[in-house]
Amino acid sequence: MTHSNNELPHEKPFVESTPSPNGNRNSDSENGALRVVMLLISLVSLTIALVSGAVVVFQILTADPDLGAAKYEGILGKLFIIGLVYAIGWLVALIGIRVYHNLVLPIFINAYGWLTLCGVAALYILIINKLFQQSYSNESFIKYSVIMGGAIIALIGLHLLVEEHSLVYFSIPLLIINLAHLCVIVYHYIFMTAKSEYLLGDIVFFGGMGTVSVLMLMHLGVLSAPRKFIDNLFAKTT
């Protein structure tokens, strides 16, 4: 086939706009490395917070009653440090899950949730034993309530990190212990010679833990507002 002098055969351009062989490999590797770093930071921070909290609680509950207020010395500072470390781990885990879509982190958070539930259940049993002994003061009862409240908040915080997570299964062990607490109250104040002035403490603690456990079981949407706030906060990113 011949061509005239003014007509050239169709040829490909000398420089082609081919995509880079690496593509988004650099950004993907950076995100992957960032996911690993955030995973380590969140897990280490949460582990330190949960273990430190358990140690402080054990020290308080096993302290010599004769020490009086001395056994609570520096407790506020310790709780503040533990809360700060927990908040750092919680925030890093939230960003890692919602922004960088870390698929491994929710598995660890769920495991930490069950471990925290075991700690809450053990704490509840120890406090029931303290209430049964009837050797605590009003200050001690307030400290017990604050410690249990902090443990519940830590458990709920882990729950809020994982999307579509339910507290129903978490409520069952607490309800069983709550029922056992009721049996202890009945046995203690009816079949034993217990001091009636301590009855209010048992009733208040039983009622508080029972309310929390029932709300967890019925899943009435009490935590819908904070979960919705978190969803809206990361809506654009997700």
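Laboratory data are not the source of any read-out in this text; all were calculated from the coordinates shown. Just so it is clear, the model here is predicted, and its values are computed rather than measured. In this analysis, Cβ positions are derived from the backbone assuming ideal geometry, glycine residues included, and neighbour counts consider all displayed protein chains.
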(request) With θ set to phi - 60°, apply the Karplus curve 6.51 cos²θ - 1.76 cosθ + 1.60 along the range 180-193 and write out the HN-Hα couplings as whole Hz, x wherever there is a Gly or Pro. (result) 5, 4, 4, 5, 5, 4, 4, 5, 5, 9, 10, 9, 10, 8
(request) Quick one: which residues, 5 or more positions from residue 99 or on another chain, have an amide H under 5 Å from its amide H? H modelled 1.01 Å from N in the peptide plane, none for Pro or chain starts. (result) none
(message) Run the simple label-point estimate for residue 235 and residue 87 please: 7 Å along Cα→C-beta, distance reported in nm.
(response) 2.6 nm
(request) Any chance you could run the full-extension gain for residue 218 through residue 179? It's 0.36 nm times the residue separation minus the Cα-Cα distance, nm to one decimal. (result) 12.4 nm
(request) Between residue 59 and residue 187, take the C-beta separation as r, use R0 = 30 Å, and let me know the FRET efficiency to the nearest 0.05. (result) 0.50
